[in-house]
Amino acid sequence: MRKRLFPVIASVILLSGCWDTRNIDHIVYIHAIGVDYKDGQVVAYVQLVGFTALAKVEAGGGKEKAAVSIGKAAGETFNIATDKIYPSIQQRVSWGHVKSIVFTKRALQKGIVADVIDVLNRYNEIRHTAWVYATDEPISDLFQATPLLNASSYYSLLSNPEEIFQQSSFIRPIRLSRLIAAMDEKADVARLPYLTIEDNRWVENKKPKQMLAISGICFLHDYRLQGCEGRSDLQGLRWIERDIRRTPIYVKQKGKTVASLIVHDPKTKWSVGVKDGEPAFTINVEAQGSLLELREPLSRKQLTKLAEQTVKQEIHRLYELGKERQIDILNLAEQLYRERPDLWKKHQTDGLIPLNNHTLSVNVKLVISASGKEKLNFRAGD
């Protein structure tokens, strides 16, 4: 009898570890965190995502209308604000699936980024792979903007910026770990993508559809905001940024667009020297491009020359913008720190270098390797 009871008792003991498990729909999952600053208090926002409907879609079921739940609380510190969310949420909360963190410009200006990151670093559930953004939009409106076709907010720009970046590379998304590393470097300036809401490009069910877009960059040094610039003023940034996969060039001649190219995997190398006792920087850009559109009869040589001039002009405009705004947009201090630390020590102040006392040279080598199904232009020669 004892021999018969032993397997039963053993199985009950082994299974006892599963008795306190919870179903996936019994837990509230924080998907995104927002941080604002108003009236002397930190305002924390959380966006919730439901995995039940998401699982149905991935299993082949039909799409349900995406539901978005947003929580909000204010407190003297970020931790106090988030603690105030618990009493009314009515379910157990998991912070282990946070995919993005959004700071308003007010929060960046008040310098509370370091305090927020200190809390996130100490909480064991938060992963450092979360994407980080800046915005000037109301965070509640930002979190309400869901993707097209009733897709879950799990697939929004907030949590999947790499998909867009790989197809049209310009402003590189940044993870929390990369942001912390950049701001902890004395000579580095972090580039934080700037989110806005567009409501004039898409219509869904005959109604304007609000969509998220990355429309610029906010620059931070040592956890402090230096300034924000719009996308149209930052065209040259893609030639010095890492991991650029695919980016367009619109070639102009006498102010008119004459061709469109797609550039793949541009490679940039820096060199640092000295001119008249001041740092002198040289940027060498090499890339291959494919012709997409040709509106004038240009030869390959003519088109290549115009495209190279376009790249040079974009980088020089970015350099002049940095001097005008006194923002190290090109991260010149970081390049000097890596290449010539002796010069950096001599010229730096709080890790950065003056932006008026150095020179910049730009060399571009572009090869047009393909022109689609059409020849480049048989009328102009090749």
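Checked against (1) within 17 Å of the chain's Cα centre (by Cα); (2) buried (at least 18 other Cβ atoms within 10 Å of the Cβ); (3) within 14 Å of LEU192 (Cβ to Cβ), VAL98 passes all but a single condition, namely (3). If only residues of segment 169-195 that are part of a strand (DSSP E or B) and of a type outside the set (D, E, K, R) are counted, the one that is surrounded by the most Cβ atoms within 10 Å (Cβ to Cβ) is LEU192. Selection of segment 327-366 for residues being in contact with a Ser or Thr (Cβ under 9 Å, 6 or more places away or on another chain), aliphatic (A, V, I, L, M) and within 13 Å of PHE281 (Cα to Cα) yields LEU360, VAL362. Got at least one residue in segment 148-168 being assigned to a loop (DSSP other than H, G, I, E, B), in contact (Cβ under 8 Å) with a residue 12 or more places away in the chain and under 23 Å from LEU352 (Cβ atoms)? No, segment 148-168 has no match at all. Exactly one residue out of ILE244, ILE283 is under 24 Å from CYS218 (Cα atoms), modelled with pLDDT of 95 or more and either touching a helix residue (DSSP H, G or I) at 6+ places or on another chain (Cβ under 7 Å) or surrounded by 19 or more Cβ atoms within 10 Å (Cβ to Cβ) (or both), and it is ILE283. Do we find a residue being of a type in the set (D, E, K, R), closer than 17 Å to ASN160 by Cα and open to solvent by 20 Å² or more (accessible area, probe 1.4 Å) anywhere in segment 200-216? Within segment 200-216 (the criterion being of a type in the set (D, E, K, R), closer than 17 Å to ASN160 by Cα and open to solvent by 20 Å² or more (accessible area, probe 1.4 Å)), the answer is no, since none of the residues qualifies.
Quick one: would you say LEU330 is crowded, with 18+ Cβ neighbours inside 10 Å and more than 29 Å from the chain's Cα centre (by Cα)?
The answer is no for LEU330.
For segment 182-203, which positions are over 30 Å from THR146 (Cα atoms), free of Cβ contacts under 8 Å to residues at least 60 places away in the same chain and of a type in the set (Gly, Ala, Ser)? Scanning segment 182-203 gives a single hit, ALA182.
Of the residues making up segment 215-261, those that are closer than 22 Å to SER369 by Cβ and of a type in the set (Phe, Trp, Tyr) are TRP239, TYR250.
For ARG325, are the conditions met, namely being among the charged types (D, E, K, R), exposed (fewer than 15 other Cβ atoms within 10 Å of the Cβ), touching a residue at least 12 places away in the same chain (Cβ under 8 Å) and within 28 Å of ILE171 (Cβ to Cβ)? So ARG325 does not fit the description; no. Among the residues making up segment 114-167, those that are among the hydroxyl-bearing types (Ser, Thr, Tyr), more than 13 Å from LEU212 (Cβ to Cβ) and open to solvent by 60 Å² or more (accessible area, probe 1.4 Å) are TYR123, THR129, TYR154.
The values are calculated or read from the model by the stated rules, or taken from the named source; none is laboratory data. This structure is a prediction, so every number in the text was calculated from the model and none was measured. Methodologically, a virtual Cβ is constructed for each residue, glycine included, from the backbone with ideal geometry; neighbour enumeration extends over all protein chains shown. Quick note on the areas: whole protein, heavy atoms, side chains included, nothing else; ligands and nucleic acids left out. Shrake-Rupley method; radii C 1.70, N 1.55, O 1.52, S 1.80 Å.
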